[in-house]
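Student: For reference, the structure I am asking about is given below.
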Amino acid sequence: KKNSDTTYVINAVSKLGIYYKKNNQLIDAFKYYNEAFKIFKIVKDSIGAGKKLLQMANIQARLGDYSGSKTTAIDGLKFIENKKDIKSLSGLYHIISVANREQKKYMEALKYNSLALNLGNDSIKLHKIGAHNILMFKNTKANILANQKKYQEALSIFSKLQLDSLIKGNKIEYARVLANLGHIKWLQNMDDRDSERLLLSAKKIREDIEDVNGLIASNIYLTRYYFDKDREKALYHAEEAYRNATTQNSMTSILEALGFIFELKDNTKEEAKVFNKVHGELQEINQSNREIYAVTKYENDKLNTENLILKAETAKKDRQKIIYLFSTILLALIGSTTFYLFRQRHRREKIRDVYNAEARISKKIHDELANDIYNVMVQVQNDHTNPGVLDKLEEIYNSTRDISRENNSFTTGEEYSAELEGMLSSYSSGTTNIIIKGIDDINWQTINPEKKIIVHRTLQELMVNMRKHSNAGLVVVSFKKMSKKIVITYADNGVGVKLEKIIYSNGLRNTENRIKTIGGTFIFDSEIGKGFKAKIDFPN
């Protein structure tokens, strides 16, 4: 730095990035890669800048920040896309594909995976990218196809990879292929005995070569395999995955393993504390990484000043818009509520639900909106310059939005799964973590709309009860496809309630009646201090 020698400074910070990454100190690694990226930008070295963004995107993906990872990688494309460094370009395409897969955007994931694979379509380019990387891209393609339930296509790719001489010569990669092959065979047919052999073979190889990261994946796969067959074995492998993840300080893997432990073990108070601590730390790390890169991306005084002015003006305009939007939102809410009630009145089997919904919404509009509006009117009459009026209107706006969320409509088509997951996730907060498992394992397209509506409303009732009464720090909602029925389980670690109080709860009685109309059952259990559990099943 004293000599202003950018070449050696880049080398130094890049090596520090490598050092901290190998020691799982990912915040420091990200920071030093970012320092190198800044210098590459200053000296206008596009390829160097793109490479550093690829390394930063890989760290974000490893920490489970797939949205941030994708944003960083797409920025990297701007530096690399028209250059000769096809190895880095393929890496950026790959990490974007991985991020899209984790976000369940499978078509986009395949698109970028194809871009990465197509870069190696001749021997010269293949050599530049590296055969090892091409095999990794094929591995990712097979996993995306499996996510789309195209199991036969996925198995075809893995079967070819299993026979590849490069794969067979690399025990880490060979074990990865065996594990993925076994897992997808199990997804295709949960009674396939060959999948257990493949999964155990992969685990044995990883134990022999002390591949701890690979052992985490193997134990997670085996937990899923044994979950409904042998819960004792499933718990053993979940705890092994947790132990290995802890030694590697792999926060995302710790959370995944704990998610299974919560479902398999009775007393999980200590594990819940660890989950909340790690989850909080992971959020802080991801936020810190985003802020580090955001500062670099827009780092100059003029732009900072412009951004501050823009923020102030935007905030002022947003507050003014609340006044104009409020009436429209309230009218729309009342209109949609009226339409909902009239439509429901024409369905005889829903008369009791209509009455309850009408009473609930009417009470909310009266208690939470009408009184507040009256108070605001009085404030305006007494002092129209009162600065608290805007704040109060904003509170009223938020109340209308909450009421709308509880009673709004939703699609029962292709986007049903995403909307249902979004509804469940919306009840998470700084003090409540929501884990959703297996929702994409259900083929929702084969389930009729009436059943999907009842599932959505039933789970919404459980989440509303949780938010209002349970004080839960952790909620797990699991979906499972059985041979002739769908099973949904709900569990939280909240304060619990006496069973007789549940039995006489109008909301849960209505929920039970809803499930009965589709030939299903609704079983719940709770005890003071031991949380709340519910099991829903219905014919598919």
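The values are calculated or read from the model by the stated rules, or taken from the named source; none is laboratory data. All figures in this text were calculated on a predicted structure; none of them were measured in a lab. Ideal geometry is used to build each Cβ from the backbone, glycine not excepted, and the neighbour counts take in all protein chains shown. Remember, those area values only see protein heavy atoms, side chains included, never the ligands or the DNA or RNA. Shrake-Rupley method; radii C 1.70, N 1.55, O 1.52, S 1.80 Å.
Student: Considering each of LYS51, LYS15, LYS21, LYS38 in turn, give the residue that is without any contact (Cβ under 8 Å) to a residue 24 or more places away in the chain, basic (Lys, Arg), in contact with a helix residue (DSSP H, G or I) (Cβ under 9 Å, 6 or more places away or on another chain) and farther than 26 Å from GLU421 by Cβ. Break it down into steps so the answer makes sense when it comes.
Tutor: Values: LYS51 fails: without any contact (Cβ under 8 Å) to a residue 24 or more places away in the chain; LYS21 fails: without any contact (Cβ under 8 Å) to a residue 24 or more places away in the chain; LYS38 fails: without any contact (Cβ under 8 Å) to a residue 24 or more places away in the chain.
Answer to the selection: LYS15.
Student: Next question, about the same structure. Only one residue in LYS38, LYS104, LYS70 is out of contact with any Lys or Arg (no Cβ under 6 Å at 6 or more places or on another chain) and on the phi > 0 side of the Ramachandran plot. Which one? Even if it seems obvious, please write down each step before you answer.
Tutor: Values: LYS38 fails: on the phi > 0 side of the Ramachandran plot; LYS70 fails: on the phi > 0 side of the Ramachandran plot.
Every option except LYS104 fails the conditions.
Student: While we're looking at this one, here's another question. Condition (residue is more than 25 Å from SER483 (Cα to Cα) and surrounded by 22 or more Cβ atoms within 10 Å (Cβ to Cβ)) applied to the stretch 259-275: is it met by at least one residue?
Tutor: There is at least one residue in the stretch 259-275 that is more than 25 Å from SER483 (Cα to Cα) and surrounded by 22 or more Cβ atoms within 10 Å (Cβ to Cβ).
Student: In the stretch 189-223, which residue that is of a type in the set (Val, Ile, Thr) and more than 28 Å from the chain's Cα centre (by Cα) is most open to solvent (accessible area, probe 1.4 Å)?
Tutor: Our first condition is that a residue be of a type in the set (Val, Ile, Thr); within the stretch 189-223, this holds for 205, 209, 212, 216, 220, 223.
The next check asks that each one be more than 28 Å from the chain's Cα centre (by Cα); those that pass are 205, 209.
On the way: ILE205: 35, ILE209: 60 Å².
Across the stretch 189-223, the extreme among qualifying residues is ILE209.
Student: Now, a different point. Restricting the stretch 13-25 to residues that are of a type outside the set (Phe, Trp, Tyr) and farther than 22 Å from PHE79 by Cα, which is surrounded by the fewest Cβ atoms within 10 Å (Cβ to Cβ)?
Tutor: So in the stretch 13-25, the residues of a type outside the set (Phe, Trp, Tyr) come out as 13-18, 21-25.
When the remaining residues are screened for being farther than 22 Å from PHE79 by Cα, the result is 16, 21-25.
Working: LEU16: 17, LYS21: 19, LYS22: 9, ASN23: 11, ASN24: 13, GLN25: 13.
Only one residue tops the list, namely LYS22.
Student: Here's a follow-up. Among the residues of the stretch 239-258, which ones are open to solvent by less than 10 Å² (accessible area, probe 1.4 Å) and either under 19 Å from SER195 (Cβ atoms) or among the basic types (Lys, Arg) (or both)?
Tutor: Scanning the stretch 239-258 gives a single hit, ALA241.
Student: As an exercise: evaluate LYS84 against (1) farther than 22 Å from LYS52 by Cα; (2) open to solvent by 50 Å² or more (accessible area, probe 1.4 Å) and give the number of the one condition it does not meet.
Tutor: Condition (1) is where LYS84 drops out.
Student: Quick check on the stretch 442-463: of everything there that is under 21 Å from the mean Cα position of the chain (by Cα) and surrounded by 14 or more Cβ atoms within 10 Å (Cβ to Cβ), which residue is farthest from TYR490 (Cα to Cα)?
Tutor: Filtering the stretch 442-463 down to residues under 21 Å from the mean Cα position of the chain (by Cα) leaves 442-444, 455-456, 459-460, 462-463.
Still in the list and also surrounded by 14 or more Cβ atoms within 10 Å (Cβ to Cβ): 442, 444, 455-456, 459-460, 462-463.
On the way: ILE442: 16, TRP444: 19, VAL455: 12, HIS456: 13, LEU459: 9, GLN460: 11, LEU462: 8, MET463: 9 Å.
Selected residue: TRP444.
Student: Looking at the stretch 26-35, can you tell me whether even one residue there is under 22 Å from HIS132 (Cβ atoms), touching a residue at least 24 places away in the same chain (Cβ under 8 Å) and open to solvent by 60 Å² or more (accessible area, probe 1.4 Å)?
Tutor: The answer is no; no qualifying residue exists.
Student: Being free of Cβ contacts under 8 Å to residues at least 60 places away in the same chain, at negative phi, surrounded by fewer than 19 Cβ atoms within 10 Å (Cβ to Cβ) and not β-branched (Val, Ile, Thr) narrows it down to one of TYR226, TYR236, so name that one. Reasoning before the result, please.
Tutor: Details: TYR226 fails: surrounded by fewer than 19 Cβ atoms within 10 Å (Cβ to Cβ).
The unique qualifying residue is TYR236.
Student: Could you please find all residues in the stretch 414-443 being in contact with a Lys or Arg (Cβ under 9 Å, 6 or more places away or on another chain) and part of a loop (DSSP other than H, G, I, E, B)?
Tutor: Of everything in the stretch 414-443, those that are in contact with a Lys or Arg (Cβ under 9 Å, 6 or more places away or on another chain) and part of a loop (DSSP other than H, G, I, E, B) turn out to be SER426, TYR427, SER429, THR432, GLY438, ILE442, ASN443.
Student: Which condition number in (1) modelled with pLDDT of 90 or more; (2) hydrophobic (A, V, I, L, M, F, W, C); (3) over 18 Å from ASP228 (Cβ atoms) is the one that ILE503 fails?
Tutor: (1)
Student: Can you find even one residue in the stretch 135-147 that is over 20 Å from SER218 (Cα atoms), open to solvent by less than 50 Å² (accessible area, probe 1.4 Å) and of a type in the set (S, T, N, Q)?
Tutor: No, the conditions are met nowhere in the stretch 135-147.
Student: Something else now. Within the stretch 36-45, how many residues turn out to be open to solvent by 60 Å² or more (accessible area, probe 1.4 Å) and among the aromatic types (Phe, Trp, Tyr)?
Tutor: Number satisfying all stated conditions: 0.
Student: Among the listed residues THR314, THR305, THR252, which satisfies the condition of being part of a helix (DSSP H, G or I), modelled with pLDDT of 70 or more and of a type in the set (S, T, N, Q)? It would help to see each step written out before you state the result.
Tutor: Numbers: THR314 fails: modelled with pLDDT of 70 or more; THR305 fails: modelled with pLDDT of 70 or more.
Every option except THR252 fails the conditions.
Student: Here is a follow-up. Across the stretch 1-12, which residue is surrounded by the most Cβ atoms within 10 Å (Cβ to Cβ) among those that are farther than 21 Å from ILE80 by Cα and free of Cβ contacts under 8 Å to residues at least 12 places away in the same chain? Reasoning before the result, please.
Tutor: Taking the stretch 1-12 and keeping what is farther than 21 Å from ILE80 by Cα, we get 1-5, 8-9, 12.
So of that shortlist, the ones also free of Cβ contacts under 8 Å to residues at least 12 places away in the same chain come out as 1-5, 8, 12.
Values: LYS1: 8, LYS2: 4, ASN3: 7, SER4: 6, ASP5: 11, TYR8: 10, ALA12: 15.
Top of the filtered list is ALA12.
Student: Report the residue count in the stretch 99-116 for those that are under 17 Å from THR71 (Cβ atoms), crowded, with 17+ Cβ neighbours inside 10 Å and among the polar types (S, T, N, Q).
Tutor: Looking only at that region, the number is 1.
Student: OK, next. Say whether the condition of being open to solvent by 30 Å² or more (accessible area, probe 1.4 Å), part of a helix (DSSP H, G or I) and not acidic (Asp, Glu) is met by at least one residue in the stretch 520-539. Step through it out loud before you land on a result.
Tutor: If we filter the stretch 520-539 for residues that are open to solvent by 30 Å² or more (accessible area, probe 1.4 Å), which is where we start, we get 521, 523-525, 527-530, 533, 535, 539.
Retained after the next criterion (residues that are part of a helix (DSSP H, G or I)): none.
Checked against the condition, which is being open to solvent by 30 Å² or more (accessible area, probe 1.4 Å), part of a helix (DSSP H, G or I) and not acidic (Asp, Glu), the stretch 520-539 yields no hits at all.
Student: On to the next question. Can you tell me which condition LEU166 does not meet? The list is (1) in a helix (DSSP H, G or I); (2) buried (at least 21 other Cβ atoms within 10 Å of the Cβ); (3) modelled with pLDDT under 90, and all the others hold.
Tutor: (2)
Student: Looking at the stretch 464-480, which of the residues that are polar (S, T, N, Q) and crowded, with 20+ Cβ neighbours inside 10 Å is nearest to PHE262 (Cα to Cα)? Working first, answer last.
Tutor: Going through the stretch 464-480, the residues polar (S, T, N, Q) turn out to be 465, 470-471, 478.
Imposing the further condition that a residue be crowded, with 20+ Cβ neighbours inside 10 Å reduces the set to 465, 470, 478.
Numbers: ASN465: 21, SER470: 17, SER478: 11 Å.
Filtering first and then ranking leaves SER478.
Student: Count, please, the residues in the stretch 46-73 that happen to be of a type in the set (D, E, K, R) and open to solvent by less than 60 Å² (accessible area, probe 1.4 Å).
Tutor: Looking only at the stretch 46-73, we keep the residues that are of a type in the set (D, E, K, R), and these are 51-52, 62, 65, 70.
Next cut, open to solvent by less than 60 Å² (accessible area, probe 1.4 Å) only: 52, 65, 70.
Result for the stretch 46-73: 3.
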